[in-house]
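The values are calculated or read from the model by the stated rules, or taken from the named source; none is laboratory data. Just so you know, these numbers come straight off a predicted model, no measurement behind them. Here the Cβ positions follow ideal geometry from the backbone for every residue, glycine too, while neighbour counts run over all protein chains shown.
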Amino acid sequence: MTTTIVAVVILLGILIFAHELGHFLAAKFAGVGVLKFSLGFGPKLMGKKIGETEYILSAIPLGGYVKLLGEAEDENLSAEDEKRSFLKQSVWKKIGIVVAGPAFNFVLAVIVFTFVYMWGLPHLTTQIGDIQEDSAAMEAGLAINDVVIAVNGQKVSTWTKMADLITNSKGKALRITVERNGQVKDVTLTPRLQKAKSMFGEDIDAYKIGVMPTGNTLIERMNPIKAFGASLVQTWMISKLTVLSLVKMIEGVISPKNLGGPILIAQIAGDQAKAGLIPFLMFMALLSINLGILNLLPIPVLDGGHLLFFIIELFLGREVNIKWRERAQQIGFVILIALMIFVIIMDIDKMNNPKPLQESPKTIQK
């Protein structure tokens with residue numbers, strides 16, 4: 001229990017700090033006054049004022065905020081402060097300040113992934129643990145314990161890289177180079193289209209050769225430049241999958257019951273912390289990307305809602321009516337509360353009805 005609490009506090013603290021730091025730095029860069037920088041919301045636990053900004057630690061660690069000068073229209077400001085007020089800035093500056101929060105969540109993910117790739121991640125080796133009957137691999141003469149070292153001359157050391165090359169072959173013949181009992185051997189085979197399940201549970205066709213891994217792993221470490229490049233790719237791929245997941249949920253392909261709330265996040269954070277630093281950091285990066293994307297949704301109260309109003313302002317050439325904005329904010333708040341209640345109910349249901357453990361890596365077939 002203690003591990004879970006500490007893990008959640010660290011996880012949320014870093015995610016919230018990164019997000020609010022984006023807003024804070026963008027506001028400072030734009031010349032806008034920052035009155036408060038709070039980690040958490042609700043009652044103030046402690047605070048310290050440095051310059052015009054009060055840095056606060058609040059009681060409820062499920063969010064945070066940056067209060068900007070002139071953020072509300074009813075503030076009485078001096079002529080000098082008017083120039084530094086948020087609402088008096090150009091629409092582009094306001095957009096930049098709003099976008100900076102989610103953007104820093106993506107930056108945090110890139111930094112974390114870079115560290116993880118430099119530290120080293122376990123990957124399934126390319127050693128064959130089993131071969132499907134009447135498969136392309138069996139007909140080509142591949143054998144259990146063969147180690148695939150190249151596909152069409154392209155070297156492979158991980159099962160994922162090998163599987164990607166097979167899947168992307170689109171059914172064209174492949175030259176598979178394997179090491180068997182210390183000797184190197186080439187075989188030619190043609191992947192076959194087989195029924196499979198996508199990560200979203202949809203029935204799909206995929207090209208496979210009918211082999212499964214042993215479950216053995218190796219640690220792959222990268223130099224800083226390669227790790228940074230890989231982290232950019234990973235962040236982009238997870239972002240795409242997150243957006244696609246939201247689309248699939250709207251289409252009804254994925255059940256909304258798959259949504260996770262604060263209880264599930266706390267449970268996973270605790271489990272990942274117990275598993276080690278790297279699993280915990282991977283979860284942090286994943287959650288940071290999700291936080292960045294969710295904050296960009298065009299829901300009033302969220303950054304995406306503010307962004308939507310500023311984009312409308314950009315096209316209209318004037319600010320959106322304050323009454324419309326206030327009404328939209330109220331609706332957005334109700335939506336968020338309803339969503340929070342829903343995901344908490346789903347979290348409780350998952351705790352009472354846990355799913356069975358996933359199958360071991362040895363069941364992965366390619």
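What the table below lists for this structure:
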read-out: Yes/no for Leu21 being at pLDDT 95 or above and within 12 Å of Ile97 (Cα to Cα); value: yes
read-out: Criterion: outside the structural domain of Thr177 (by TED's automatic domain parsing) and surrounded by fewer than 16 Cβ atoms within 10 Å (Cβ to Cβ) - qualifying residue of Ser58, Ser78; value: Ser78
read-out: Matching residues in segment 58-80 - criterion: being in contact with a strand residue (DSSP E or B) (Cβ under 6 Å, 6 or more places away or on another chain) and of a type in the set (Ser, Thr, Tyr); value: Ser58, Tyr65
read-out: Within segment 207-254, tally of residues that are modelled with pLDDT under 85 and touching a Ser or Thr at 6+ places or on another chain (Cβ under 7 Å); value: 1
read-out: Verdict on Ala150 being touching a strand residue (DSSP E or B) at 6+ places or on another chain (Cβ under 9 Å), buried (at least 18 other Cβ atoms within 10 Å of the Cβ) and more than 30 Å from Leu68 (Cβ to Cβ); value: yes
read-out: Matching residues, segment 70-90, being within 20 Å of Glu20 (Cα to Cα) and under 32 Å from the mean Cα position of the chain (by Cα); value: Glu71, Phe86, Leu87, Gln89
read-out: Meets criteria (surrounded by 15 or more Cβ atoms within 10 Å (Cβ to Cβ), farther than 30 Å from Gly141 by Cα and modelled with pLDDT under 90) for Gly270; value: yes
read-out: Residues within segment 63-82 that are in contact (Cβ under 8 Å) with a residue 40 or more places away in the chain and assigned to a helix (DSSP H, G or I), tallied; value: 1
read-out: Residue selected from segment 273-305 under the condition among the small types (Gly, Ala, Ser) and out of contact with any Gly (no Cβ under 9 Å at 6 or more places or on another chain), by the criterion surrounded by the fewest Cβ atoms within 10 Å (Cβ to Cβ); value: Gly276
read-out: Given (1) assigned to a strand (DSSP E or B); (2) over 27 Å from the mean Cα position of the chain (by Cα), index of the condition Phe41 fails; value: (2)
read-out: Failed condition for Gln132, given (1) touching a residue at least 60 places away in the same chain (Cβ under 8 Å); (2) on the phi > 0 side of the Ramachandran plot; value: (2)
read-out: Lys94 vs. criteria touching a residue at least 60 places away in the same chain (Cβ under 8 Å) and either on the phi > 0 side of the Ramachandran plot or among the charged types (D, E, K, R) (or both); value: yes
